[in-house]
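Enquirer: What follows is a single structure, and I will ask about it in a moment.
The values are calculated or read from the model by the stated rules, or taken from the named source; none is laboratory data. Worth saying up front: this structure is predicted, and the values here are computed from it rather than measured. A quick note on method: Cβ atoms are made from the backbone with ideal geometry, for glycine too, and the neighbour counts reach across all protein chains shown. SASA here: full protein model, heavy atoms, side chains in, ligands and nucleic acids out. Shrake-Rupley method; radii C 1.70, N 1.55, O 1.52, S 1.80 Å.
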Amino acid sequence: MSRRVDAVVVGAGPNGLVAANVLLDAGWSVLVLEAQQTVGGAVRSDRELHPDFVHDTFSAFYPLAHASRAITSLRLEDHGLAWEHAPAVLGNPFGDGQWALLHRDRDRTAAGLEAQHPGDGEAWLDLCRTWDRIGDSLVDGLTSPFPPVRAGARLLPALARSGGLDTVRRLATPVASVGRELFGGPGGALLLAGNAGHADFPLSSPGSGVFGVLMTMLAQTVGFPVPRGGAQSLTDALVTRLRSRGGEVVTGQEVTRVVVRGGRAVGVQTRDGESYDAGAVLADVIASRLFGGLVPAEHLPARLVRGMRDFELDPGTVKVDWALSGPIPWTGRPDAVPGTVHVADSVEEMTETLAQVSSGVVPDRPFLLTGQMTTSDPSRSPAGTESFWAYTHVPQPGMTRRDAGEEVTGRWDHDDLERFADRMQARIEARAPGFGDLVAARRVMGPHELEARNANLVGGAINGGTSQLHQELVFRPVPAMRGRAATGLPGLFLASSSAHPGGGVHGAAGANAARAAIWAHRTRRLRGRA
């Protein structure tokens, strides 16, 4: 006999767990099914590299979790979550031992930029003042269900007060151009461009400007916080809250089919033959898998099926973790050490590298996003050591045209990964001579390893689909869904990062799906249907 619940959530990543919590707060009975043996999706940590070192398996820094109402409204601090901050938020070494450095104190950030180029400090403060006026409503608008009526009503007058069309134009400008417009020196432009590089925008594309400003100003206002003890602590708080309200999470249960009867999603089946009936199915599943297997095409709207033929993944990822016997010997190491370090010599180099990736070329000088985790949270490894990682984007498996460094085949097998990890390590060594001597252990994960640990990371894509404008807002994941969680199949809701507003640990896609399910249930009851 099948078990019956109000809602089944497929996937225990942050979006799935947020969705479950929102439904539980509304009085629903909720079951979360997770294929892996460990909950968390891309918010997990482990000690497999070295027993004394905690490494975040996937994501590590969480400014969006601090800014998104979907997560802050859950008050996870009441359920064991504690946040830590590095002495400085973000840095990018350049030149001969110089650093672009971002602090949570805006005046301190501005002073550093001013010292490098007169006038850049005031330009930074002016950008901060603009953000003060538009930031909250912009973040709410970007994370609200589409269309964002309430947030939009607040954003429009805020934009008018902060420069009107001039501000809109700047946000729509490619980030490389924004940096040149605002700053005379390299520091501010590096900070903006590096933050835009957290997504898969080519830095010459329009969407890169607003994303670069968004991430940079979040770094300035809330920092890049980390959960004390590891990323798993954020997941554990979500699960603790869920269970305190009567929800259930079952691991090792891979959902293989969404059951459809009478033109409606009515439950799921798992690989081991278990069946669960539900009033709603919320899928924290990448769109290409949900609409490409879990739900047979004959049950989906024809426009959605056609649209999915053009669904585009974001690039693959290679991530390297290191257990280091000492702090990283960065040239010109700042007194206030940043938790996040971007490794790129210039905006021009960064622009070229990201353009290579988007055109199917493995970069010879990869742009690295790195994290000094013990610097950020001393509990991550023994005193005097460093738990460290770096990741970079690469072409998806099967999409590599060539390697600019002439060593990598694009198969992303063991040999490819080791060669490319050596290339990444050499980039760090160039900025931190002696880095290699500190390496006690190294782990390399590429597109295949990341997908094996989290089925949503198809080919190492970490954002559930490209973040470029043609697949954002009303176009996410396809125009047929109009940026909403409802899939067109009654009872089924998309709750993953493939849905609006896309990648990042903000929980908004899960919260939006939960609210859509609640609204659909109320509407159905008003119409007199069970």
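Yes/no matrix, rows are residues, columns are (1) in contact (Cβ under 8 Å) with a residue 12 or more places away in the chain; (2) closer than 19 Å to VAL295 by Cβ; (3) hydrophobic (A, V, I, L, M, F, W, C):
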| residue | (1), (2), (3) |
| --- | --- |
| ARG476 | yes, yes, no |
| ARG484 | yes, yes, no |
| LEU492 | yes, yes, yes |
| VAL505 | yes, no, yes |
| ALA508 | yes, no, yes |
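Enquirer: Continuing with the same structure: Given the residues VAL259, VAL318, VAL266, which is the only one that is in contact with a strand residue (DSSP E or B) (Cβ under 9 Å, 6 or more places away or on another chain), open to solvent by less than 10 Å² (accessible area, probe 1.4 Å) and among the β-branched types (Val, Ile, Thr)?
Expert: VAL318
Enquirer: Still on this structure, please answer the following. Considering only residues that are of a type in the set (A, V, I, L, M) and within 23 Å of GLU418 (Cα to Cα), look in the range 321-350 and name the one that is surrounded by the fewest Cβ atoms within 10 Å (Cβ to Cβ).
Expert: ILE328
Enquirer: Output yes when any residue across the range 480-499 is within 28 Å of LEU203 (Cβ to Cβ), at pLDDT below 95, part of a helix (DSSP H, G or I) and open to solvent by 10 Å² or more (accessible area, probe 1.4 Å), and no when none is.
Expert: Among the residues of the range 480-499, not one is within 28 Å of LEU203 (Cβ to Cβ), at pLDDT below 95, part of a helix (DSSP H, G or I) and open to solvent by 10 Å² or more (accessible area, probe 1.4 Å), which makes the answer no.
Enquirer: Let me ask something else about it. When residues of the range 225-238 are filtered for being open to solvent by less than 10 Å² (accessible area, probe 1.4 Å) and either touching a strand residue (DSSP E or B) at 6+ places or on another chain (Cβ under 7 Å) or of a type in the set (D, E, K, R) (or both), how many remain?
Expert: 6
Enquirer: To continue, here is another question. What pairs can you find where one residue is in the range 109-125 and closer than 13 Å to LEU190 by Cα, the other is polar (S, T, N, Q) and open to solvent by 60 Å² or more (accessible area, probe 1.4 Å), and their Cβ atoms are less than 9 Å apart, with a gap of 6+ or different chains?
Expert: As it stands, the answer is GLN116/GLN98, since those pairs meet every condition given.
Enquirer: With respect to ARG170, determine if the residue is over 23 Å from PHE367 (Cα atoms) and either modelled with pLDDT under 90 or open to solvent by 10 Å² or more (accessible area, probe 1.4 Å) (or both).
Expert: Yes, satisfied.
Enquirer: What pairs come up if the first residue lies in the range 166-191 and is of a type in the set (Phe, Trp, Tyr), the second is open to solvent by less than 30 Å² (accessible area, probe 1.4 Å) and at pLDDT 95 or above, and their beta carbons are under 7 Å apart, counting only those six or more places apart or on different chains?
Expert: As it stands, the answer is PHE183/ASP120; PHE183/ALA123; PHE183/ALA189, since those pairs meet every condition given.
Enquirer: Please state which of the following conditions GLU48 fails to meet, knowing it meets all the rest: (1) over 17 Å from ALA237 (Cβ atoms); (2) open to solvent by less than 60 Å² (accessible area, probe 1.4 Å); (3) part of a loop (DSSP other than H, G, I, E, B); (4) not hydroxyl-bearing (Ser, Thr, Tyr).
Expert: (2)
Enquirer: Could you list, in sequence order, the residues of the range 406-430 that are under 24 Å from GLY371 (Cα atoms), of a type outside the set (Asp, Glu), in contact (Cβ under 8 Å) with a residue 12 or more places away in the chain and open to solvent by 30 Å² or more (accessible area, probe 1.4 Å)?
Expert: ARG419, GLN425, listed by residue number.
Enquirer: Just one of the numbered conditions (1) touching a helix residue (DSSP H, G or I) at 6+ places or on another chain (Cβ under 8 Å); (2) open to solvent by less than 10 Å² (accessible area, probe 1.4 Å); (3) of a type in the set (A, V, I, L, M, F, W, C) is not true of LEU31; which one?
Expert: Of the numbered conditions (1) touching a helix residue (DSSP H, G or I) at 6+ places or on another chain (Cβ under 8 Å); (2) open to solvent by less than 10 Å² (accessible area, probe 1.4 Å); (3) of a type in the set (A, V, I, L, M, F, W, C), the odd one out for LEU31 is (1).
Enquirer: Look through LEU113, LEU90, LEU23 and report the one residue that is assigned to a helix (DSSP H, G or I), touching a Phe, Trp or Tyr at 6+ places or on another chain (Cβ under 7 Å) and buried (at least 18 other Cβ atoms within 10 Å of the Cβ).
Expert: LEU113
Enquirer: For the range 447-466, give me each residue that is small (Gly, Ala, Ser) and open to solvent by 10 Å² or more (accessible area, probe 1.4 Å).
Expert: Within the range 447-466, ALA452, ALA455 qualify.
Enquirer: Answer yes or no as to whether VAL250 is within 20 Å of THR38 (Cβ to Cβ) and open to solvent by 10 Å² or more (accessible area, probe 1.4 Å).
Expert: yes
Enquirer: Examine the range 34-49 for a residue that is in contact with a helix residue (DSSP H, G or I) (Cβ under 6 Å, 6 or more places away or on another chain) and over 26 Å from THR317 (Cα atoms), and state whether such a residue exists.
Expert: no
Enquirer: From VAL505, VAL474, grab the single residue that is β-branched (Val, Ile, Thr), in contact with a Pro (Cβ under 9 Å, 6 or more places away or on another chain) and assigned to a helix (DSSP H, G or I).
Expert: VAL474
Enquirer: Six or more apart or on different chains, Cβ atoms under 6 Å: show the pairs whose first residue is in the range 242-255 and at pLDDT 95 or above and whose second is of a type in the set (D, E, K, R) and in a strand (DSSP E or B).
Expert: Qualifying pairs under 6 Å: THR251/GLU34.
Enquirer: Take the range 379-430 and flag every residue that is of a type in the set (Gly, Ala, Ser) and either modelled with pLDDT under 95 or over 20 Å from ALA323 (Cβ atoms) (or both).
Expert: GLY398, ALA404, GLY405, GLY410, ALA430
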